[in-house]
Amino acid sequence: MKRKAGPQKAQHKWKRKLFVALLMGFCFGTLVLLMHTQYSRIMTLASLHSQLTQPPKIAFLFIARNRLPLDLLWDVFFQGGESRFSIYVHSRPGFLFNKATTRSVFFLNRQVNDSIQVDWGEASMIEAERILLKHALEDPLNQRFAFLSDSCIPLYSFSYIYDYIISTRTSFVDSFADTKEGRYNPRMNPVIPVHNWRKGSQWVVLTRKHAEVVVKDNTVFPMFQQHCKTKSLPEFWRDRPIPADTSKEHNCIPDEHYVQTLLAVR
C-alpha cells in the first residue's frame, strides 16, 4: 500500500509544475517575439528591395475645377511610362473621374476622396495642395511631386521630363523676396518674419523631403488662413461685406506665397 505524499512534498511538486509552466510560457512568448521580429525584418527588407528594384516615380498632382479638358493630350504624354508616375486629382467634392467624365484611362478613379471646395485667392487652394501631397506620400516610390492645373499642357515628352526631374536633386520652386507694401501682414510676425516673406508660382515640383515639410506644417499654414487674404475687389462684394476702407487691406494671394515662404522659414 502506497503512502500518501506529505503536505510539504505535495507543495514542492506543485511549485515544480508552476515553474515548468512559467518556463514554457516564457519560452513560447520569446519564440513568438522572435518570429514577429524576424517577420518584420523580412517585410522591411522586401520593401527596401522593392524600392531599389523599381524606378522612382513622379506624382502628378492636378488641381481642377471639375473634369480635365486636356485629358487626351495628357493621355498621349503618359503612354509608355506607366511604372514611373502616379496621378492624383483634386476636383470639387463629389466629382468622379469615370468613363463619362474622362477620355483617358490614366485618370479613371484618380480623384482624392477628401477634396474640399476651393475658392480663388483663398487658403483653401493651399489646403487642396496639402491634401494631394498627403495622398501621394503614401506611396514610397513617389520621389517628386509636381503640381498642375487643369489648363496645363506638357511641352516635352514624358521620358525627357522624367529624366530631367528625377536627375535633379532639388525642388523646382521659383522664389523671390516680396517687398511690395500691402502683401505682407505684420500680424504674421514672429511666426513668419518679414525677411522670410517670399513670392513665386504655385505650380512647383517638390522633392519628397520638401513635400513632407508641407504636409507636416502646423504653424505657417494657420497664419496664412488667418492673415493672408485677397483684397475685397468690387466683383466679390456681392459675397462679402463692403469694407469701410479698402486702402488698408492687404492683398495677399495665399498660393503665390505659401510654399516659398514655408521653405524659407524652415
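Tabulated data for the structure shown
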| read-out | value |
| --- | --- |
| Filter result for the condition that a residue is closer than 20 Å to R67 by Cβ, of a type outside the set (G, A, S) and out of contact with any His (no Cβ under 6 Å at 6 or more places or on another chain), over L141, L148 | L148 |
| Contacts under 6 angstrom Cβ, first residue in the stretch 96-107 being more than 13 Å from L70 (Cα to Cα), partner hydrophobic (A, V, I, L, M, F, W, C), 6 or more apart | F97/F107; F97/L108 |
| Subset of the stretch 121-149 that is assigned to a loop (DSSP other than H, G, I, E, B) and touching a helix residue (DSSP H, G or I) at 6+ places or on another chain (Cβ under 9 Å) - its residue that is nearest to A211 (Cα to Cα) | L137 |
| Residue under evaluation P243, criteria (1) modelled with pLDDT of 95 or more; (2) farther than 30 Å from D139 by Cα; (3) surrounded by 12 or more Cβ atoms within 10 Å (Cβ to Cβ), criterion not met | (1) |
| Qualifying residue in the stretch 214-221 (condition: under 27 Å from P55 (Cα atoms), among the hydrophobic types (A, V, I, L, M, F, W, C), touching a residue at least 12 places away in the same chain (Cβ under 8 Å) and in a helix (DSSP H, G or I)) | yes |
| Residue check, F77 at negative phi, crowded, with 18+ Cβ neighbours inside 10 Å and not in a helix (DSSP H, G or I) | no |
| Pick from the stretch 159-201, criterion in a loop (DSSP other than H, G, I, E, B) and of a type in the set (D, E), ranking: surrounded by the fewest Cβ atoms within 10 Å (Cβ to Cβ) | E181 |
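The values are calculated or read from the model by the stated rules, or taken from the named source; none is laboratory data. All figures in this text were calculated on a predicted structure; none of them were measured in a lab. Cβ: placed from backbone, ideal geometry, glycine included. Neighbour counts: every protein chain shown.
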